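Heads up: the structure comes next, in structure tokens.
Bear in mind these aren't lab numbers, they're just calculated from the coordinates by the rules spelled out. Quick caveat: nothing in here was measured; it's all calculated off a predicted structure. Note: ideal-geometry Cβ built from the backbone for every residue, glycine included; neighbour counts use all protein chains shown.
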Amino acid sequence: MRSTSDLEKRVEREYQAHTDRDVSAENIRIKERFSHIEDYPSRRRLVAIIDKFSSDQPNNIILDYGCGRGSNSLKYLKYGARKVYGIDISPVYISYAIELMRQAGVDKGLFDFRVMDAHVLEFEENTFDLVLGSGILHHLNPDIALKEIYRVLKPNGRVLFLEPLADNLLLKLFRRLTPFARTEDESPFTGKQIRYLINQNKWKTELFYCGFFEAPIAIITSLLMPKNPDNFLLRMADIFECWTHENKIMLSWNQYVLFNMLKIS
């Protein structure tokens, strides 16, 4: 386990990367060039799972974990959340999120955005029904982060995290070619790390995957047929991908994993 001083240095590097360099914006710009990478069939299914849990039970108190510019927070409020709290390491992102809510005419009592280190959550125990995040946990020390999340979740509260994976060779190459869109300390999850996390006794965990075949095909179809994300190549890739998921073949070689974690009280 990292020492406290190492963790503090890591947090400071993340702060600088997101506040001074805005690596999130760089990442978005790259994905806009390959638009299908965010819109292939198996990824849409994982996003639909998150949307289902955030909309099926109105009046949830939700923590948007790594809220960025606040677009997901606004979506959760539209789904009927009682209140959304958003945290992020960057004050720039928090300012954007607050302005987004103002422009959308959202009542100030329905949201609360704060600059915060996700390793040290400034909330009381048993505060949240749902903690939702996309591409945030792999920037953190996951052991420390999940202990804090467990503390602030209500009994039978749920965590949903969509996180990148490390083992896909094409995506390894892609990340290597785009260092300006990454932070120094971020570390996509390996299969070994996933097995370790799901074996922790405090959680009941389901895992869902996407992007083994579809992510590399999506890069190609983004260039060949950019206006047609629902194309036959991705549909064929989805058939093969579903087969690998059902048979648990090379799961950690996908692009993303969705952690669906229930707090065992």
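Counting other beta carbons within 10 Å of each residue's own, what order do Glu125, Glu12 fall into, fewest first? Please list the in-between numbers first.
Details: Glu125 9, Glu12 12.
By the 10 Å Cβ count, ascending, the order reads Glu125, Glu12.
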Query raised in the report: Which of the peptides 69-82, 128-141, 92-105 is most tightly packed, and how do the rest follow, judged by the mean count of other Cβ atoms within 10 Å per residue?
Result: 128-141, 69-82, 92-105
**Report entry** Square roots of five times the Cα gyration tensor eigenvalues for the chain, Å
**Finding:** 28, 21, 21
Query - For the stretch 77-119: rounded, prolate or oblate by the Cα gyration tensor [a/c cutoff 1.5] - result: oblate
Report task. Pull up the cross-link candidates among the lysines for Lys172, meaning alpha carbon to alpha carbon under 23 Å and not fewer than 8 places away within one chain. Result -> Lys31, Lys192, Lys248
Report summary line: Treating only Lys and Arg (+1) and Asp and Glu (-1) as charged, each at its beta carbon, one finds that the chain has a dipole about its Cα centre, in Debye to the nearest 20, of 400 debye
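Which order do the peptides 38-48, 196-206 come out in when sorted by mean C-beta neighbours inside 10 angstrom, highest first?
Numbers: 38-48: 17.8, 196-206: 13.5.
Averaged packing, sorted descending, gives the order 38-48, 196-206.
If I take every Cα pair under 8 Å that is 6 or more residues apart in the stretch 4-263, average their sequence separation and divide by the length, what percent do I get for the relative contact order?
On the way: 447 pairs, mean separation 60.4, N = 260.
Contact order relative to length: 23 percent.
Over all directions, what mean area does the Cα convex hull of the stretch 38-106 project, stated in square nanometres? List each step's numbers first, then the result.
Details: hull surface 19.6 nm².
With the hull built on Cα positions only, its mean projection is 4.9 nm².
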Report task. Sum -39500 (n - 2.57) across every DSSP H segment of at least 4 residues in the chain, then divide by the residue count to get the 222 nm mean residue ellipticity, nearest 500. Result -> -14000 deg cm²/dmol
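Going by how many other beta carbons lie within 10 Å of each one, how would you line up Ile28, Ile217, fewest first? All intermediate terms of the calculation are to be shown ahead of the outcome.
On the way: Ile28 14, Ile217 22.
Going from sparsest to densest Cβ surroundings: Ile28, Ile217.
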Report task. Compute the label zone of Gln103 within the stretch 60-85: residues whose backbone N is under 18 Å from the point 7 Å along Cα-to-Cβ. Result -> 67-78
Report summary line: Given pairs Lys52/Lys263; Lys9/Lys52; Lys75/Lys108 and cut-off 26 Å on Cα-Cα distance, the over-length ones are Lys9/Lys52
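Once you order the gyration tensor axes a ≥ b ≥ c over the Cα atoms, which shape class does the stretch 163-265 get: rounded for a/c under 1.5, otherwise prolate or oblate by comparing a/b with b/c?
oblate
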